[in-house]
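Novice: Encoded as structure tokens, here's the structure I'll be asking about.
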Amino acid sequence: MSNTIATDVETLFRPFPFGRVNLPNRLVMAPMTRSKSPGNVPGAEVAAYYRRRAEGGVGLIVTEGTHPDFRGAHGSPDVPNFFGAALSGWQRVVDEVHGAGGFIIPQIWHVGSVRKKGVGPDPDEAIVGPSAVMHPVHLSRGEPPPGAEIPEAMTQADIDACVGAYRQAAVDAVATGFDGIEIHGAHSYLIDQFFWSVTNQRQDAYGGNLAQRTRFATEIVAAMRAAVPEDFPIVFRFSQWKSGDYNHKMAASAEELDSFLQPLVEAGVDIFHCSTRRFNDPEFSGSDLNLAGWTKKLTGKPSITVGSVGLDNDFLRTFGGQEARKAGLDDLIRRMENNEFDLVAIGRALLSDPAWVQKIRTGREAEVIEFTRDYLQKLA
Ligand SMILES: Cc1cc2nc3c(=O)[nH]c(=O)nc-3n(C[C@H](O)[C@H](O)[C@H](O)COP(=O)(O)O)c2cc1C
């Protein structure tokens, strides 16, 4: 990626129809866990943090992952719920964002077998997953860490209850005034554990080849679709990479990717959010298209790209202790002009600078507040 700052950013500032609203531009805040919700309820500080991004001109905000009401959903402390007392906290978030002229959708997230025993609010709650297989991330550094255990394989009753919890989250997202909803089907959390052959070794209708392993996800999407108005967008986030195997290609070819995507389209996904570490990595050999590019081409559905936009290295390096520096947007703009994807999600750059979007629009890149690792800890 070139380090020259592009001047023609207009293509990023075309409106985009999203359910009942028109997003003012193509720039989306990526979902980012902040762990700033004591008691699993998002408070005033969290609402003000999202409001600042709306004021800064972000076209659409995807909230941090927030847990549905099915056991074992929690994987780390102070992450907000999407049920019970947390819903009034979310109501405040929606009101603040709408008050600033922004749009927002929640990301619904069950961590599955990544959970470790001892994490609140129910520290003794079971660890669940598609199969009784220790999550590979727990084995990636030798001995499993304290609290990591082989999960309980979900029964049909568990699956039905979990699908019901996602459905209820969609109902509550509508009632709270959100502009749509995102399902976290990426990064080897519960839904992705069903997609991944290592964590899904089921012999029933939820296991099998990649297309068959989408069944749990398609039941969730279909249940949500039936519970919300037709024009309430359902966004589905997925990734090829897995925690514990960052170079994994769940779909090894475009044909295999197609076999994965079509059942999700049929179930009712409106937009695919294609999580990659670097948006400018070609997904398969023989073409420059990235994952979002292939997804849009294969499904005809709009897609969101993400990964190292405006920064010169990826977020896993950030978690590993490296800093990232500002990078230019030329390649992003070229791809957007080619209609490779429809929307672009920005993660870390928006943690340090809530006004990143405005500054890019008005040619003030030099004023962008540089992302450094200390922003991971605070709600700037
Ligand atoms: C602090 C932090 C928390 C994150 N939490 C989530 C999350 O809750 N859900 C999710 O799907 N991705 C999560 N991600 C991944 C981001 O959504 C995004 O895909 C990633 O940061 C790449 O974008 P970037 O290079 O612009 O930062 C997180 C990333 C960061 C840096």
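Novice: What single numbered condition from (1) open to solvent by 10 Å² or more (accessible area, probe 1.4 Å); (2) on the phi < 0 side of the Ramachandran plot; (3) in a helix (DSSP H, G or I) fails to hold for Lys117?
Specialist: (3)
Novice: Out of everything in the range 342-359 that is assigned to a helix (DSSP H, G or I) and of a type outside the set (A, V, I, L, M, F, W, C), what residue ends up being farthest from the ligand (Cβ to nearest atom)? Spell out the reasoning first.
Specialist: Kept after step one, since they are assigned to a helix (DSSP H, G or I), are these residues of the range 342-359: 348-352, 356-359.
With the extra rule that they be of a type outside the set (A, V, I, L, M, F, W, C), the set shrinks to 348, 352, 358-359.
Working: Arg348: 4, Ser352: 11, Gln358: 17, Lys359: 16 Å.
Looking at residues that are assigned to a helix (DSSP H, G or I) and of a type outside the set (A, V, I, L, M, F, W, C), I get Gln358.
Novice: Of everything in the range 79-107, what is within 14 Å of the ligand (Cβ to nearest atom) and either free of Cβ contacts under 8 Å to residues at least 12 places away in the same chain or over 24 Å from Gly57 (Cα atoms) (or both)? Give them in sequence order.
Specialist: Residues satisfying the conditions are Val79, Pro80, Asn81, Phe82.
Novice: Which residues, counting only those in the range 246-295, are in contact with a Cys (Cβ under 9 Å, 6 or more places away or on another chain) and away from the ligand (no atom under 16 Å from the Cβ)? Spell out the reasoning first.
Specialist: Start the filter on the range 246-295 by keeping residues that are in contact with a Cys (Cβ under 9 Å, 6 or more places away or on another chain), which leaves 283, 290-295.
If the condition is that a residue be in contact with a Cys (Cβ under 9 Å, 6 or more places away or on another chain) and away from the ligand (no atom under 16 Å from the Cβ), then Gly293, Trp294 are the ones that fit.
Novice: While we're on this one: Looking at the range 313-326 only, could you name the residues that are more than 10 Å from the ligand (Cβ to nearest atom) and surrounded by 15 or more Cβ atoms within 10 Å (Cβ to Cβ)?
Specialist: Of everything in the range 313-326, just one residue is more than 10 Å from the ligand (Cβ to nearest atom) and surrounded by 15 or more Cβ atoms within 10 Å (Cβ to Cβ), namely Lys326.
Novice: Hey, another quick one. Among the candidates Ser140, Ser76, single out the residue that is farther than 30 Å from Arg20 by Cβ, out of contact with any helix residue (DSSP H, G or I) (no Cβ under 9 Å at 6 or more places or on another chain), away from the ligand (no atom under 16 Å from the Cβ) and open to solvent by 20 Å² or more (accessible area, probe 1.4 Å).
Specialist: None of the others qualify; the one that does is Ser140.
Novice: Right, Arg71: crowded, with 18+ Cβ neighbours inside 10 Å, more than 15 Å from the ligand (Cβ to nearest atom) and either of a type in the set (Lys, Arg) or farther than 30 Å from Lys359 by Cα (or both) or not?
Specialist: Taking the combined requirement at face value, the residue does not satisfy it.
Listed here are the residues, each with its yes/no results for (1) surrounded by fewer than 18 Cβ atoms within 10 Å (Cβ to Cβ); (2) away from the ligand (no atom under 16 Å from the Cβ).
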{"position": "Val21", "(1), (2)": "yes, yes"}
{"position": "Pro24", "(1), (2)": "no, yes"}
{"position": "Ala30", "(1), (2)": "no, no"}
{"position": "Ser37", "(1), (2)": "no, no"}
{"position": "Pro42", "(1), (2)": "no, no"}
{"position": "Ala48", "(1), (2)": "yes, yes"}
{"position": "Ile61", "(1), (2)": "no, no"}
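Novice: Are there any pairs, at least 6 apart or on different chains, whose C-beta atoms fall under 8 Å, with the first in the range 182-202 and under 19 Å from Thr63 (Cβ atoms) and the second within 9 Å of the ligand (Cβ to nearest atom) and among the basic types (Lys, Arg), and if so, which?
Specialist: The qualifying pairs are Glu182/Arg237; Ile183/Arg237; His184/Arg237; Gly185/Arg237; Ala186/Arg237.
Novice: Right, here's the next one. Can you name every residue in the range 149-177 that is acidic (Asp, Glu) and within 19 Å of Gly268 (Cβ to Cβ)?
Specialist: Within the range 149-177, Asp160, Asp172 qualify.
Novice: Since Val309 meets every condition but one in (1) modelled with pLDDT of 95 or more; (2) away from the ligand (no atom under 11 Å from the Cβ); (3) part of a loop (DSSP other than H, G, I, E, B), which condition does it not meet?
Specialist: (2)
Novice: Follow-up. Does at least one position in the range 153-170 carry a residue that is open to solvent by less than 20 Å² (accessible area, probe 1.4 Å), over 30 Å from Gln201 (Cβ atoms) and modelled with pLDDT of 95 or more?
Specialist: No, there is no match, as no residue in the range 153-170 is open to solvent by less than 20 Å² (accessible area, probe 1.4 Å), over 30 Å from Gln201 (Cβ atoms) and modelled with pLDDT of 95 or more.
Novice: Moving on to the next point. On the basis of being in contact with a helix residue (DSSP H, G or I) (Cβ under 6 Å, 6 or more places away or on another chain), part of a helix (DSSP H, G or I) and buried (at least 16 other Cβ atoms within 10 Å of the Cβ), does Val221 make the cut?
Specialist: yes
Novice: Sticking with this one: Just one of (1) in contact (Cβ under 8 Å) with a residue 40 or more places away in the chain; (2) over 18 Å from Val221 (Cα atoms) trips up Lys117, so point out which.
Specialist: Against the list (1) in contact (Cβ under 8 Å) with a residue 40 or more places away in the chain; (2) over 18 Å from Val221 (Cα atoms), Lys117 comes up short only on (1).
Novice: What do you reckon, is Asp330 closer than 21 Å to Asp258 by Cβ and open to solvent by 20 Å² or more (accessible area, probe 1.4 Å)?
Specialist: no
Novice: Looking at (1) in contact with a strand residue (DSSP E or B) (Cβ under 9 Å, 6 or more places away or on another chain); (2) more than 16 Å from the ligand (Cβ to nearest atom); (3) touching a residue at least 60 places away in the same chain (Cβ under 8 Å), which is the only condition Arg52 fails?
Specialist: The number of the failed condition is (1).
The values are calculated or read from the model by the stated rules, or taken from the named source; none is laboratory data. Just so it is clear, the structure is predicted and the values come from calculations on it, not from any experiment. Because the Cβ atoms are built from the backbone with ideal geometry, glycine has one as well, and the counts that use them run over all protein chains shown. These accessible areas exclude ligands, DNA and RNA; they are computed on the full protein's heavy atoms, side chains included. Shrake-Rupley method; radii C 1.70, N 1.55, O 1.52, S 1.80 Å.
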